[in-house]
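Trainee: This is the structure I want to talk about, given as structure tokens.
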Amino acid sequence: MVPQQPDLWQGPQGKPGGRIFTRVGDLLDFIGLTPDQIPDLDPCPLTFGLKVPSAFAERMRQDPKDPLLRQVLPLGSERQIVAGYSQDPVADRRAERIPGLLVKYAGRALLIVTGACAIHCRYCFRRHLKYPPLWPNLEAIFAVLAADMSLSEVILSGGDPLMLPDDRLAELIARLEQITHLKRLRIHSRLPVVWPERLNDRLAEILLGSRLTAILVIQANHPHELSESVGQALSEWRSLGLTLLNQSVLLRGVNDRVETLAELSERLFACGILPYYLHALDPVAGSAHFAVEETQARCLLSELRARLPGYLVPRWVREQAGASAKQPLG
Ligand SMILES: *Cc1c(COP(=O)(O)O)cnc(C)c1O
Ligand code: SF4
């Protein structure tokens, strides 16, 4: 998202970083489609432009309804104003202790380490939020974390925290380790799926070498996202002993069939990852076309429970502004 920092991770070292599509026409060209095949296409969105690395686009099929394409393709309907859909649906602004530090839930503090992401997901609840760079506030943030003995876990989020280069992450983690009441470090990132080369050896060393127990929470919504190379990179990390979890968002036209959700869970497990949350869509302005009716979602979840072992059924939750935890549904 918007405020790019000068020192963002630029792709795997020693290899070409790959191509990043920022124009709708180029992306469609790449997968062999033409704009007239996509109803309601918005080739020039007013805000939150297209951003898709070729590593992700390679997993799309030549299909106007491809579930990966749908997650990133701007549509005209995003410009409609829909009642109940707002700019900050989960009230992140209210949970901000100081800019860059959110505390909503007991024991856990969330750091917005960068506003940037490797991909722009149209359903993202942060699509309208602009983040000031965290680094100028860092000392103040460490002071708040050190003073609050109730905290045991820090979550690095964003944007995408793995957009930071390894050295910056190492510095940040080293500072967090000095805060003795912290026990766990969680990283919420879509990069392992979007660009699996990000899971390099140095990053694994940093996380495994930390006094804090590291948990990596990735985000995949459809089994096609978990390509061979994503599977390899994540299985390798799993075999190093890192805890890997996945969160998804329930999205109309992407993963709103029981077969898709079941296949996603199976594929995750094969890659060494357990399903964690299946989030109800946050009602963020511009995302209404992704909404799944609650009655349909309830059916999907009960069918999923009937098909899969309990540990492969994600917890279906909704984020409710002001609540003390993500609210279980169903
Ligand atoms: C989602 C979220 C968390 C983590 O919640 P868990 O239920 O522990 O996964 C923490 N802080 C904020 C601000 C969040 O939005
Ligand atoms: S869902 Fe994650 S990766 Fe996608 S735009 Fe939002 S913060 Fe970035």
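The values are calculated or read from the model by the stated rules, or taken from the named source; none is laboratory data. Every value quoted in this text rests on a predicted model; they were computed, and no experiment measured them. Neighbour counts run over all protein chains shown; Cβ positions are idealised from the backbone, glycine included. Please note that ligands, DNA and RNA were not included when accessible areas were found on the heavy atoms of the full protein model with its side chains. Shrake-Rupley method; radii C 1.70, N 1.55, O 1.52, S 1.80 Å.
Trainee: Using just the Cα positions, wrap segment 110-229 in a convex hull and report its mean projected area in square nanometres, one decimal place.
Mentor: Taking the Cα atoms of segment 110-229, their convex hull projects to 7.9 nm² on average.
Trainee: From the P(r) of segment 14-79, can you give the percent of Cα pairs sitting at distances over 14 Å?
Mentor: In whole percent, the share of Cα-Cα pairs in segment 14-79 beyond 14 Å is 54.
Trainee: Among A233, G159, P35, whose Cα lies farthest out toward the positive end of the dipole of the chain, if unit charges sit on the beta carbon of Lys, Arg (+1) and Asp, Glu (-1)?
Mentor: In the chain, that residue is G159.
Trainee: I would also like to ask the following. For segment 57-114, which trypsin sites (Lys or Arg not before Pro) are both in a DSSP coil and crowded by at most 16 other Cβ atoms within 10 Å?
Mentor: Here the sparse-neighbourhood loop sites are R61, K65.
Trainee: As a test of the formula, what do you get for the chain when each DSSP H run with n ≥ 4 contributes -39,500 (n - 2.57) and the sum is divided by the residue count, at 222 nm and rounded to the nearest 500 deg cm²/dmol?
Mentor: Using -39500 (n - 2.57) per qualifying helix, the result is -8000 deg cm²/dmol.
Trainee: Can you compute the modelled spin-label distance between Q320 and K130, with each label point 7 Å from Cα toward Cβ, in nm?
Mentor: If labels sit at Q320 and K130, their model points lie 3.3 nm apart.
Trainee: Only Cα pairs under 8 Å and at least 6 apart count here; give the relative contact order of segment 14-79 as a rounded whole percent.
Mentor: Reported relative contact order: 39 percent.
Trainee: Collect residues whose amide H, placed 1.01 Å from N in the peptide plane, falls under 5 Å from the amide H of L281; neighbours closer than 5 in sequence don't count.
Mentor: Close amide H contacts, sequence-distant or interchain: L250, V292.
Trainee: Give me the percent of DSSP beta bridges within the chain that run antiparallel, rounded to the nearest 5.
Mentor: Beta bridges within the chain, antiparallel portion: roughly 25 percent.
Trainee: Compute log10 of I(q)/I(0) for segment 188-231 with the Debye formula, placing one identical point scatterer on every Cα and leaving out solvent, at q = 0.34 Å⁻¹, to two decimals.
Mentor: With no solvent term, the Cα-only Debye profile gives -1.23.
Trainee: Over the chain, what relative contact order in percent results from Cα pairs under 8 Å that are six or more residues apart?
Mentor: 18 percent
Trainee: 7 Å from Cα along Cα→Cβ at both C299 and E197: what's the point-to-point distance in nm?
Mentor: Result: 4.4 nm between the two label points.
Trainee: While we're looking at this one, here's another question. Quickly rank 167-179, 148-160 as a protection proxy: mean count of other C-beta atoms within 10 Å, highest first.
Mentor: Packing order, densest peptide first, comes out as 148-160, 167-179.
Trainee: Just subtract the alpha-carbon distance of R97 and R19 from 0.36 nm times their residue separation and send over the number in nm, one decimal.
Mentor: 24.3 nm
Trainee: Could you do me a favour and compute the accessible area per residue for segment 86-328, 1.4 Å probe, result in Å²?
Mentor: Computed with neighbouring chains in place, this is 39 Å² per residue.
Trainee: What is the total of Lys pairs in the chain with C-alpha atoms under 25 Å apart, excluding same-chain pairs fewer than 8 positions apart?
Mentor: So the count works out to 8.
Trainee: Could you give the radius of gyration (one decimal) and Dmax (whole number) of the Cα atoms in segment 202-330, in Å?
Mentor: Every Cα atom of segment 202-330 included, Rg and Dmax give 15.6, 46 Å.
Trainee: Also, I was wondering about something else. Against the empirical 2.2 N^0.38 Å scaling, what ratio does the C-alpha Rg of segment 86-328 come to?
Mentor: This ratio for segment 86-328 stands at 0.99.
Trainee: Given points 7 Å out from each Cα along the Cα-Cβ axis, report the A270 to E139 separation in nanometres with one decimal.
Mentor: Computed distance between label sites A270 and E139 equals 5.2 nm.
Trainee: Find, among the GluC sites (Glu not before Pro) in segment 256-318, those assigned to loop by DSSP (not H, G, I, E, B) with at most 14 other beta-carbon atoms within 10 angstrom.
Mentor: Filter output for segment 256-318: E293.
Trainee: Sticking with this structure for a sec: Using a 1.4 Å probe on the protein heavy atoms, what percent of the accessible area of segment 86-328 belongs to carbon and sulfur?
Mentor: The C+S portion of the solvent-accessible surface of segment 86-328 is 53 percent.
Trainee: Within segment 137-180, whose backbone N sits under 18 Å from a point 7 Å along Cα→Cβ of Y105?
Mentor: Once the point is set 7 Å along Cα→Cβ of Y105, 150-159, 161 turn out to lie under 18 Å by backbone N, inside segment 137-180.
Trainee: Taking the Cα centre as origin and putting +1 on Lys and Arg beta-carbons and -1 on Asp and Glu beta-carbons, what dipole magnitude results for the chain, to the nearest 20 debye?
Mentor: 660 debye
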